[in-house]
């Protein structure tokens, strides 16, 4: 029975593709890089922005700083709202809270943006703890985000076995699964997000679900 549940945001609770990929496209254009395909930019959904700009476009640290600033320039006012909550998510969160669960957001997105998105979709009140990255780029690794969420959520003195049985992390990418494993909690992968085929299996997710209904069943034991 999972009494403490951590959720990733992008690709797990909401579909942020248009806002994120369009903002990445805008940032790349500012650096003289034209990327016409938003589909090609889907891998930016989930990981820290700096890692993605470095890995996919080979940007050096100075250009990464510029790219992130340009990304936020568009995302802050427009991209943040080019987003949709997955059907059934609000109802699932309400039911989990009604069943006495403690819920947290554990996202690599800056906390300021996370809170605005939760407000926009009227689901912020369901969460006891909301943890994202810092605007200066610190605490952007999923392991760091999960660590802080657990620090604020869990009572002291839980044994590793108790923690594994009582705490679950839900996410759509390998970073979420790896973050859960790093801290000895159950990992639940959702296949309706943005993981490439086979990624969640390869990461070793304890559960993989294809629908919000199936996710609800797992989380309610």
Out of the range 65-78, which residues are assigned to a loop (DSSP other than H, G, I, E, B) and under 13 Å from residue 110 (Cα atoms)? 76
Across the range 34-64, what is the total count of residues that are surrounded by 14 or more Cβ atoms within 10 Å (Cβ to Cβ) and either in a helix (DSSP H, G or I) or touching a residue at least 12 places away in the same chain (Cβ under 8 Å) (or both)? 20
Could you check, for the range 132-139, whether at least one of its residues is buried (at least 16 other Cβ atoms within 10 Å of the Cβ) and not in a strand (DSSP E or B)? yes
I'm checking my understanding of the structure. Among residues of the range 94-112 that are touching a residue at least 12 places away in the same chain (Cβ under 8 Å), out of contact with any strand residue (DSSP E or B) (no Cβ under 7 Å at 6 or more places or on another chain) and part of a helix (DSSP H, G or I), which one is nearest to residue 138 (Cα to Cα)? 112
Does residue 11 satisfy being at pLDDT 95 or above and either assigned by TED's automatic domain parsing to the domain that holds residue 196 or closer than 19 Å to residue 136 by Cβ (or both)? yes
Looking at residue 192 and the list (1) more than 14 Å from the chain's Cα centre (by Cα); (2) at pLDDT 95 or above; (3) not in a helix (DSSP H, G or I), which single condition is not satisfied? (1)
So for the range 141-150 (the condition being assigned to a loop (DSSP other than H, G, I, E, B), more than 18 Å from the chain's Cα centre (by Cα) and outside the structural domain of residue 68 (by TED's automatic domain parsing)), does at least one residue qualify? no
Those residues of the range 153-172 that are under 11 Å from residue 4 (Cα atoms), out of contact with any helix residue (DSSP H, G or I) (no Cβ under 9 Å at 6 or more places or on another chain), free of Cβ contacts under 8 Å to residues at least 60 places away in the same chain and assigned to a helix (DSSP H, G or I) come to a total of 1
Could you list, in sequence order, the residues of the range 194-221 that are under 14 Å from residue 96 (Cα atoms) and in contact with a strand residue (DSSP E or B) (Cβ under 7 Å, 6 or more places away or on another chain)? 215, 218, 219
Can you confirm whether the range 21-30 contains a residue that is within 16 Å of the chain's Cα centre (by Cα) and farther than 30 Å from residue 218 by Cα? yes
In the range 183-217, how many are within 22 Å of residue 158 (Cβ to Cβ) and in contact (Cβ under 8 Å) with a residue 60 or more places away in the chain? 2
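The values are calculated or read from the model by the stated rules, or taken from the named source; none is laboratory data. Model, not experiment: these values are computed from the prediction. Glycine also receives a Cβ, built like all others from the backbone with ideal geometry; neighbour counts cover every protein chain displayed.
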